[in-house]
Amino acid sequence: MNLVGTILLIAPILLFSMVAHEYAHGYAALKQGDPTAYQLGRLTWNPVRHIDPFMTIILPLILIVAHAPIIGGAKPVPVNPRNYRRYKRGDIIVSLAGVATNLVIAVLCVPLFVLAGALGHALPALAPSLALLQVMLTYGVMFNLLLVLFNLIPIPPLDGSHVVKHLLPPAWSLRYQQVGRFGLLILILLLLWKPVVDWWLWPVSKGTQLLLAPAAAFHLSGPIAL
C-alpha cells in the first residue's frame with residue numbers, strides 16, 4: 001500500500017478515536033459536576049471542534065513520513081476540576097474516561113471485522129470493499145490500543161499522570177505536575193530511544209493479534225495488507 005493510501009485508511013479511524021477520547025473526558029466531567037466542556041460547545045462529536053492543527057494533523061503526518069512511531073492528539077477538552085463533587089475521585093474518573101473509551105472501541109472493532117468478513121463471504125462482489133474496511137478496523141484496534149498505552153504513560157499532562165499525582169505526597173505531587181511543561185519534549189526524546197519504543201509498541205502489536213485472533217476465519221484476502 002502506498003503512503004497516500006495508508007493515510008486515507010488511517011485518518012478516519014484515528015480522528016474518530018481521538019474525538020471519542022476527548023468527548024469521553026467532557027462527558028465524564030459533566031457527570032462529575034463540571035459543565036465547562038458542555039458550556040463551551042466542546043461536548044460534541046463534531047471533529048472540527050476537536051482538531052488541533054499541529055497535534056492532530058502536522059505531527060502525525062511527519063511521523064508517518066519518517067516511519068516513526070505515531071503520536072498525536074486532539075485539542076484537549078477544557079475541564080475545571082474544582083467543580084467536581086469529589087475532587088480526587090472526579091479527577092481520576094475523568095482522566096481515565098478517555099482511555100476506557102479507546103479500549104472499548106478497540107474491542108468493538110473485532111465484531112465489526114467479523115461482520116465485514118461474513119458479508120464478504122456471502123456477497124463476493126462486495127469483498128474488495130469489505131476487505132478495505134477490515135484493514136481500517138485492524139488499524140482501529142491497533143491505534144486505540146496505542147492511544148490507551150500512550151495516555152497511560154505517567155508523564156504530565158498525560159492521563160496516567162492524573163492518577164499518579166494522587167498517589168504521591170502533596171509536595172512531591174506538586175513537583176511532579178510541574179514536569180508537565182516539558183512533557184511533549186520528554187515524550188519525543190523517549191521515542192528516539194529504540195528500547196523504549198520496542199517496549200512500548202510490543203503490547204500494541206501483541207494486543208492487536210490477540211483481539212483479532214478469534215476473527216481470523218473471517219479475514220478477507222485482498223491486495224492490501226498491514
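The values are calculated or read from the model by the stated rules, or taken from the named source; none is laboratory data. Only a predicted model underlies this, so the values are computations on that prediction, with no experimental measurement involved. Please note: Cβ atoms are built from the backbone with ideal geometry, for glycine as well, and neighbour counts cover all protein chains shown. These area figures cover heavy atoms from the full protein model, side chains too; ligands, DNA and RNA do not enter into them. Shrake-Rupley method; radii C 1.70, N 1.55, O 1.52, S 1.80 Å.
What do you reckon, is Leu185 at pLDDT 90 or above and of a type outside the set (Phe, Trp, Tyr)? Considered against the rule, which asks whether it is at pLDDT 90 or above and of a type outside the set (Phe, Trp, Tyr), Leu185 comes out as no.
Within the stretch 119-133, being among the aliphatic types (A, V, I, L, M) and exposed (fewer than 14 other Cβ atoms within 10 Å of the Cβ) holds for Ala122, Leu123, Ala125.
Yes or no, residue by residue, for (1) hydroxyl-bearing (Ser, Thr, Tyr); (2) surrounded by 11 or more Cβ atoms within 10 Å (Cβ to Cβ); (3) under 24 Å from the mean Cα position of the chain (by Cα):
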{"residue": "Trp172", "(1), (2), (3)": "no, yes, no"}
{"residue": "Val197", "(1), (2), (3)": "no, yes, yes"}
{"residue": "Ala213", "(1), (2), (3)": "no, no, yes"}
{"residue": "Ala217", "(1), (2), (3)": "no, no, no"}
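Given the criteria surrounded by fewer than 16 Cβ atoms within 10 Å (Cβ to Cβ) and in contact (Cβ under 8 Å) with a residue 24 or more places away in the chain, does Pro81 qualify? No, not satisfied.
The stretch 150-226 holds helices (runs of 4 or more DSSP H) entirely within its bounds, and those carrying 1 or more residues that are in contact with a Gly (Cβ under 9 Å, 6 or more places away or on another chain) and of a type outside the set (D, E, K, R) map to 159-164. Trp45 meets the conditions (1) open to solvent by 50 Å² or more (accessible area, probe 1.4 Å); (2) in contact with a Gly (Cβ under 9 Å, 6 or more places away or on another chain) in every case but one. The failed one is (2). Scanning the stretch 11-41 for residues that are farther than 16 Å from Ile93 by Cα and open to solvent by less than 20 Å² (accessible area, probe 1.4 Å) yields a count of 3.
When you scan the stretch 117-135, do you find a residue that is β-branched (Val, Ile, Thr), under 27 Å from His25 (Cα atoms) and within 23 Å of the chain's Cα centre (by Cα), even just one? No, the stretch 117-135 contains no residue that is β-branched (Val, Ile, Thr), under 27 Å from His25 (Cα atoms) and within 23 Å of the chain's Cα centre (by Cα).
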